[in-house]
Amino acid sequence: MASSPTPLRAAEVALEPPRSTGIGELDRVLGGGLVAGSSTLLFGEPGVGKSTLALGVLRQVALTGVPVILVAAEESAAQVAGRARRLGPVPEHLAVVASSSVEDVERVLRSHRPTLCVVDSISATRDDALAGATGSVGQVRQVAERLCAAARETGTALLLVGHVTKDGDLAGPRALEHLVDTVVRVEGDRYGPSRVVRALKHRFGPTGEVGLFVLGEDGMREDPDGLGAGPGPALDVPGVVWTATLDGTRAWPVEVQALVTAADGTPRRVAHQVSGPRLSLMLAVLEARCATGLAGRDVFATTAGALPATEPGVDVALAVAVASARSGVRVPRDLAVVGEVGLAGEVRPVAGLDRRLDALRRRGVQRVIVPSGATDGPPGLEVTVARRLDEVLEGLGLVDNP
């Protein structure tokens, strides 16, 4: 018999409040924490810190006195114990199950009913009743369906650790993203310490928020100010300038670096952790609107500390860093620049300017060049307004010296 329609305004909302993970930056991404009976997929590239972050969540939740379980499908219990001890004392309520069988995981969930269960990883867990190699599309889909159903039945918050392909996409069937309630990605250069955690899908709250971390020997450390592993060396060389980037509602300081050298053959334009298309636009604007000669030159641009800065608000910083590297004139270390640049060479306003300025002030910047129409900055920060990119370059003395 078909169900009768119910007025939406009369429907009751019966969701339990989320349980904190004990990690503030992750709670920020999840809208407060993990919901009982929900399923969350945590994925990222190898070495980015997925397992370390998941183990940190288990430790923090176990410290509240509730049972949590780690299902190790790729490691032995001894290996997991050794990794856990490197992060600190192992809580009493943290248990491990070394098995790759989905039947074993279901049995554990129904018999122990833990508050939180982490499966590391979903690609290494298999259903013996189903044909196909471990990690195949059919196996991953079947295992995920069974685990998500068991989590809903037992009220366990389920955290599945996933891998990515060589192209950076989530490994396994696309249906996996639809089966779970939340999809969280860990991003960052595996050779650098800084990490960005973001929610790509979240049925219990908004997406777009990010969390900032630093990966070290003692695990994933929260980095709410986006300062990375530390201030780094005091670079007094051309091609280096501070800016602030915005992601979600978060702003953090970023050091943009550029290098301009004579090309041996076809000029190369290399962008790392900055937007390649936006770098190309800035090079065109510099040539056409600011008389900065870049023909026959290789141009390299990146950010220090491995934090990405790909949004338009870092346009002025990209242009200033390239012009500084081309002219050989240093940008003062107490100065930062913020703004988007149009093809006419105008400096356009950016979103979240107040948050950007506050992040730069905490970083120790004393002067900032901002787009026209901006309000005064926070106390202790000298704000200068610019309308055109050529004005910014002329004011800094970044004229082209062929």
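Derivation of every value follows stated rules applied to the coordinates shown; laboratory data play no part. Worth saying up front: this structure is predicted, and the values here are computed from it rather than measured. For neighbour counting, all protein chains shown are included, and Cβ atoms are generated from backbone atoms with ideal geometry for every residue, glycine included.
Couple of notes before you dig in:
- Length-normalised contact order for the stretch 16-222 - Cα pairs under 8 Å, 6+ apart - percent: 29 percent
- Summarising the label geometry, the points placed 7 Å from Cα in the beta-carbon direction at Ala149 and Arg85 lie 4.0 nm from one another.
- Think of the chain as a dipole: +1 on every Lys or Arg Cβ, -1 on every Asp or Glu Cβ, centred on the Cα centre; then among Ala36, Leu130, Ala351, Ala36 lies furthest on the positive end.
- Summarising the amide proton neighbourhood of Val97: residues at separation of 5 or more, or on other chains, whose placed amide H is nearer than 5 Å comprise Leu70, Val71, Ala72.
- Selected from Ala317, Ala129, Ala95 as most flexible by GNM, with the chain as the system and alpha-carbon contacts under 10 Å: Ala129
- Which of Arg297, Arg268, Arg250 has the fewest Cβ neighbours within 10 Å, and the rest in rising order: Arg268, Arg297, Arg250
- Amide H contacts under 5 Å for Ala36: Arg19, restricted to partners 5 or more places along the chain or on a different chain, H placed in the peptide plane at 1.01 Å from N.
- One decimal place: the segment Thr249-Thr134 gains 37.5 nm when fully extended, by the rule 0.36 nm per residue minus the C-alpha distance.
- Cβ-based net charge around Val71, under 15 Å, with every Lys or Arg adding one and every Asp or Glu removing one: 0
- Exposed-site-free run, longest, the chain (rule: GluC sites (Glu not before Pro); DSSP loop; at most 14 other C-beta within 10 Å): 218-402
- Around Leu353: net Lys/Arg minus Asp/Glu count, Cβ-Cβ under 12 Å: -1
- Percent antiparallel among DSSP beta bridges (both partners in the stretch 101-230, rounded to 5): 75 percent
- Going from the residue with the fewest nearby Cβ atoms within 10 Å to the one with the most, Arg85, Arg367 rank Arg85, Arg367.
- With a cut-off of 11 Å between beta carbons, the residues surrounding Glu153 carry a summed charge of +3, where Lys and Arg count +1 and Asp and Glu -1.
- Per-residue ³J(HN,Hα) for the stretch 206-214, Karplus 6.51 cos²θ - 1.76 cosθ + 1.60, θ = phi - 60°, Hz, x for Gly and Pro: x, 9, x, 7, 10, x, 10, 9, 10
- Take every Cα pair under 8 Å whose residues are at least 6 apart in sequence, average their separation, divide by the length of the stretch 225-337, and the relative contact order is 40 percent.
- FRET efficiency for the pair Arg113 and Arg362, taken as 1/(1 + (r/R0)^6) with r the Cβ-Cβ distance and R0 = 51 Å, rounds to 0.70.
- Converting phi to 3J(HN,Hα) with the Karplus coefficients 6.51, -1.76 and 1.60 and the offset θ = phi - 60°, the stretch 116-122 yields 9, 10, 10, 10, 10, 10, 5 Hz in sequence order, with x at every glycine or proline.
- Its relative contact order, with pairs defined as Cα atoms under 8 Å and 6+ residues apart, puts the chain at 13 percent.
- Taking every DSSP beta bridge that has both ends in the chain, the antiparallel portion is near 45%.
- For percent of Cα pairs over 35 Å apart, the value computed from the atomic coordinates appears in the list (1) 30; (2) 39; (3) 25 under label (2).
- Top of Ser123, Ser136, Ser38 by mean-square fluctuation, Gaussian network on the chain, Cα under 10 Å: Ser136
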